[in-house]
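Here's the structure we're looking at; comments come further down.
The values are calculated or read from the model by the stated rules, or taken from the named source; none is laboratory data. Quick caveat, the model's predicted, so the values are computed rather than measured. Here the Cβ positions follow ideal geometry from the backbone for every residue, glycine too, while neighbour counts run over all protein chains shown. Each accessible area value is taken on the protein alone, full model and side chains, heavy atoms only, with ligands, DNA and RNA left out. Shrake-Rupley method; radii C 1.70, N 1.55, O 1.52, S 1.80 Å.
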Amino acid sequence: MPGIDKLLKGVLKYRSTIKDEMTQKLKEVTVNPQPTAVVFSCMDARVLPTRFCQTDVGDVYLVRNAGNLVPHSKGLGWHNATTEPGALVLGCQMGDIRHVVVCGHSDCKAMNLLYSMRNELDHHDGDALQLWLRRHGSSSVQKFEQWEKMKGREPITFQAETPRHNIEALIDPENNFGIVDKFSQINTLNQLQNIASYPFLKEKLQTGKVRLHALWFDIHSGNVYIFSKMEKKFVEINEENYGMLMEDSVKDPKIKHY
Ligand SMILES: [Zn+2]
């Protein structure tokens with residue numbers, strides 16, 4: 001495995017290539033910050049939203065963790081303080097960020113582990129990763145079991161911006177992905193519900209001042225998908241679909257029920 005010299009050499013390359021341009025950009029966004037989104041992504045080294053979304057300095061607040069989980073607001077307190085809701089406060093309450101994105105991916109090690117533990121979620125022991133996944137991923141397992149019971153034929157429902165504007169989701173109806181990848185897609189959508197559970201976001205979500213989006217990255221093809229409320233499934237973002245997906249993403253939840 002490469003050592004720390006890989007990172008140090010990277011800094012040298014940065015200094016000789018993009019540093020000047022980046023310093024200029026840093027000055028601009030410090031004076032006039034206009035970030036687009038708070039993004040929750042898996043920490044997997046293969047998943048780089050800043051690369052495949054081609055974002056720059058000042059564009060996104062990025063939180064990465066194992067399994068792109070955002071803990072539900074229930075139980076939040078001194079003994080269960082995590083960084084994810086803090087990031088929502090920083091971005092959407094103290095700042096004026098209008099989009100929150102959760103990004104899952106295929107071949108997710110965290111989802112593989114959670115899937116393998118799905119029958120022992122009431123075990124309140126294990127290592128730090130197992131505890132994190134059991135504590136904050138059990139509702140995704142419940143959604144998955146609900147989907148399995150319907151044999152994947154019927155859409156399952158997730159709450160997004162408000163309880164009145166549910167998302168109906170068909171999970172991989174073309175059957176392009178394996179069962180754990182389907183679970184990963186369900187988990188990604190389930191995080192939108194968790195985000196919507198925070199009272200400080202309620203008014204912003206109801207009025208469309210904050211919008212929720214789910215992305216999913218396929219590490220095998222490099223394709224990026226977004227959940228389409230109209231299509232009720234994850235749709236590949238490409239030149240052909242871009243117009244439809246944009247229209248889908250900016251619809252006002254006050255006007256149309258999904
Ligand atoms: Zn992952």
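Kirkwood-type hydrodynamic radius, the chain: 19.4 Å, calculated from all non-identical alpha-carbon pairs.
Surface exposure of segment 50-157, expressed per residue as accessible area with a 1.4 Å probe, stands at 55 Å². A straight Cα-to-Cα reach below 20 Å connects LYS9 with the lysines LYS19, residues fewer than 8 places away in its own chain not being considered.
Of the residues LYS27, LYS143, the one with the largest accessible area comes first in the ranking LYS27, LYS143, computed with a 1.4 Å probe on protein heavy atoms. Of the solvent-accessible surface of the chain, computed with a 1.4 Å probe and all protein chains present, 54% belongs to carbon and sulfur. Take THR30: with every protein chain present and a 1.4 Å probe, its accessible area is about 100 Å².
Here's the list of aspartates and glutamates a cross-link from LYS233 could span, going by alpha-carbon distance under 13 Å and ignoring same-chain residues fewer than 8 apart: GLU154, GLU168, ASP172, GLU174, ASP248.
Figure legend: label point modelled 7 angstrom from the Cα of THR30 along Cα→Cβ; residues of segment 45-74 with amide N under 14 Å from it are 58.
Legend: residue pairs LYS149/LYS229; LYS182/LYS202; LYS209/LYS229, Cα-Cα distance threshold 25 Å; pairs beyond threshold, LYS182/LYS202. Applying a length cut-off of 20 Å (Cα extent along the axis) and a mean Kyte-Doolittle floor of -0.5 to the DSSP H helices of the chain leaves 179-196.
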